[in-house]
Amino acid sequence: MIYLDAVPENLERSIRRSIERNGIEGQALQAAYAAFRLAQHFLGPERAAQYWNLIGAEESQEAVVGLHRLQELGRFIFFALGQPDPRDWLDRLRRDDIDKNIQEVNAASYFVRNGYRVIPGRSTGTKTMDFDFSVHGRDTAFNVEVSEPNGTYFTPQNLLNNLKLKRTQLPRGEPNVIFCVLSHRWHVTVSDWFDQALRVVEGFLRNTQRISCVMLSLETYLGTNNSGNLPERYASIATIMNERASHPLTYESLLGAARLAYEVPFRTVHVVGGSRRSDFERWFVRMLLCEERRLAIDPNALWTSYYPSWP
């Protein structure tokens, strides 16, 4: 497996020493720091610092969001290292907008975790041929354009305008998916925003044959975590199929190895939760446990009361 030899041993030793020396506690924080150090090594220190800043400087919901974003980055770096030409993905992580990178990583990682091969698209600047990546499985292939509507507050028109814009970047005559990342803030600003979003998507699909489906990536933070001071993260994917698409897709072709968690009360919507352990996670656990003196791993902790002063 690529995770066994992708990271130099001296870097692993340095990460372990830093975790011990700084008293970094909680698996999520340890993993985020390890991902930061991977980014330093593979993307450069300046770029890594920009990713690290996603965590922020206080214990807050945004800090938890940043933790998960960094772990997703670590997973994606390992994915990139396992590709025939890792430079295609690593160069994208170095040069593109941070927020855009994170959302593309989130979308591509979903398909990778479910057993698909993901190939980066080429930025052509030409409408209908400027999508983010293509997804390939044994019996299926489709193009994906990642979308994140702007703004803190949800409005139906904003979402619709974003979907129409993204449609222009996907080619005619092929299966196409819009992977729409919904703001984790919306669930606290508009009580029925998800119902409104579903109606917008269904109306959008009724008027297009180019888009095979829209996937709504829903991430919310509710209640408190086990340490009692931060919200728990809940993530799921809602997939709305287009029965009028010129090249329709099936739920099976999209879900891959994912398990169907439950079905919400809409005939065309399924929600998927859960994921398989990634190469990054396997490497992370192996790295921490490979020496005689084991570092503490708390699989339930998202954060501790200690906030580090590094890097």
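Here's how it looks for Thr155: its modeled amide H is under 5 Å from none belonging to a residue 5 or more places away or on a different chain. Peptides 15-22, 209-216, 196-203, 175-182 ranked from most to least packed by the mean count of surrounding Cβ atoms within 10 Å: 175-182, 209-216, 196-203, 15-22.
Any read-out appearing in this document is the output of simple, stated calculations on the displayed coordinates, not a laboratory observation. Being a predicted model, the structure only gives us computed values, none of them experimental. Here the Cβ is made from the backbone with ideal geometry for all residues, glycine too, and neighbour counts use every protein chain on show.
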